[in-house]
Amino acid sequence: MEPQEKILQTSLELFFKYGIKRVTMDDIAKELGMSKKTIYHFYKEKDDLVNQLCEVEMQKQSVLFDKITLEVNNPIHEIMLISQKMREMMQHINPVFFIDLQKYYPTAFSIFQKFKEECAFKDILRNVQEGKKQGIYRSDVNEEFAARHRLAQIDMLMFGNYFSFESISFTQSHELLLDVFVYGISTIKGHQLINEYKKINE
């Protein structure tokens, strides 16, 4: 692994675990076993590191979404696969990571917001449109509103103050919000597919 890639990977792991603000460049250098001078050779300051890290991670997510789209059998299958990937990621993230991103790193946060608009929104909108064509989602669902609603759910989870994650975990909160969304827009045919993927017998 190249030094620059190693720095990004280690930084991301620390940020996920402790939040961004709490982790210093000294912490990153110590975890890597390298000097801060080496890190500063690639990143002029912590903000620069966070910005580049966010850019790289959003590109990875975009590639992942495109790959999943090619593997799916139907729109609900796509949602379930994306949900699985998000669940795997969220298991390793301290929710304070997202609060720090919004509050202290505006450039990185804007990169995340741009990704939501240019990638996530379009993918959700396409999913809803295709689901309606296949009779999996209700014909009366407003497609753009549904896509915006799903993004609002994600914002509420990551950047809102609605959950303490004490009685329900970050991951469980995500799963419950997704259920509210996908069951809400689905037809009976869609419900049957969801239950099939979730291995639920009713």
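Give a quick list of GluC sites (Glu not before Pro) in segment 100-165 that DSSP marks as loop, anything other than H, G, I, E or B, with at most 10 other Cβ atoms within 10 Å.
Numbers: sites: Glu117, Glu118, Glu130, Glu143, Glu144; in loops: none.
Hits after loop and neighbour filter: nothing returned.
Placing unit charges on each Cβ (+1 for Lys and Arg, -1 for Asp and Glu) gives segment 43-125 a dipole about its Cα centre, and among Met89, Ile68, Val56 the Cα reaching farthest toward its positive end belongs to Met89.
Given Cα pairs under 8 Å that are at least 6 residues apart, what percent is the relative contact order of segment 122-202? Intermediate results must be reported in sequence, preceding the final value.
Numbers: 43 pairs, mean separation 28.6, N = 81.
Normalised by residue count, the contact order of segment 122-202 is 35 percent.
Would you mind checking which residues have amide H under 5 Å from Ser186's amide H? H placed 1.01 Å from N; only 5 or more apart, or other chain. Sorted by chain and number, the residues that satisfy this are Arg138.
Taking the radius of gyration and the Kirkwood hydrodynamic radius from Cα positions alone, what is the Rg/Rh ratio for segment 33-114, to two decimal places? Rg/Rh: 1.08. Entry comment: accessible area of the chain is 57 Å² per residue, from protein heavy atoms only and a probe of 1.4 Å.
Take the solvent-accessible surface of the protein heavy atoms, probe 1.4 Å, and return the percent of it on the chain that carbon and sulfur atoms account for. Please list the in-between numbers first.
On the way: 5870 of 11540 Å².
Carbon with sulfur: 51 percent of the solvent-accessible area.
Report the full-extension gain for the segment Asn73 to Tyr40: residue separation times 0.36 nm, less the Cα-Cα distance, to one decimal in nm.
On the way: separation 33, 0.36 × 33 = 11.88 nm, distance 4.61 nm.
This chain segment gains 7.3 nm when fully extended.
DSSP loop (so not H, G, I, E, B), at most 12 other Cβ within 10 Å: list which GluC sites (Glu not before Pro) in segment 19-57 pass both filters.
Values: sites: Glu31, Glu45, Glu55, Glu57; in loops: Glu45.
When the GluC sites (Glu not before Pro) of segment 19-57 are filtered for loop state and at most 12 Cβ neighbours within 10 Å, Glu45 remain.
Under 27 Å of direct C-alpha separation, and excluding same-chain neighbours fewer than eight residues apart, Lys37 reaches these lysines: Lys6, Lys17, Lys21, Lys46.
Can you tell me the relative contact order of the chain? Whole percent, Cα pairs under 8 Å, sequence separation 6 or more.
Details: 152 pairs, mean separation 46.6, N = 202.
Value for the chain: 23 percent.
Whole-percent P(r), segment 118-182, all Cα pairs, 5 Å bins from 0: 3, 17, 24, 22, 15, 11, 6, 1, 0.
Considering every Cα-Cα pair within the chain, what fraction, in whole percent, is farther apart than 23 Å?
Working: 10124 of 20301 pairs.
Summing the P(r) of the chain above 23 Å gives 50 percent of all pairs.
The values are calculated or read from the model by the stated rules, or taken from the named source; none is laboratory data. Quick caveat, the model's predicted, so the values are computed rather than measured. Note that we place each Cβ from the backbone using ideal geometry, even for glycine, and neighbour counts take in every protein chain shown. Remember, those area values only see protein heavy atoms, side chains included, never the ligands or the DNA or RNA. Shrake-Rupley method; radii C 1.70, N 1.55, O 1.52, S 1.80 Å.
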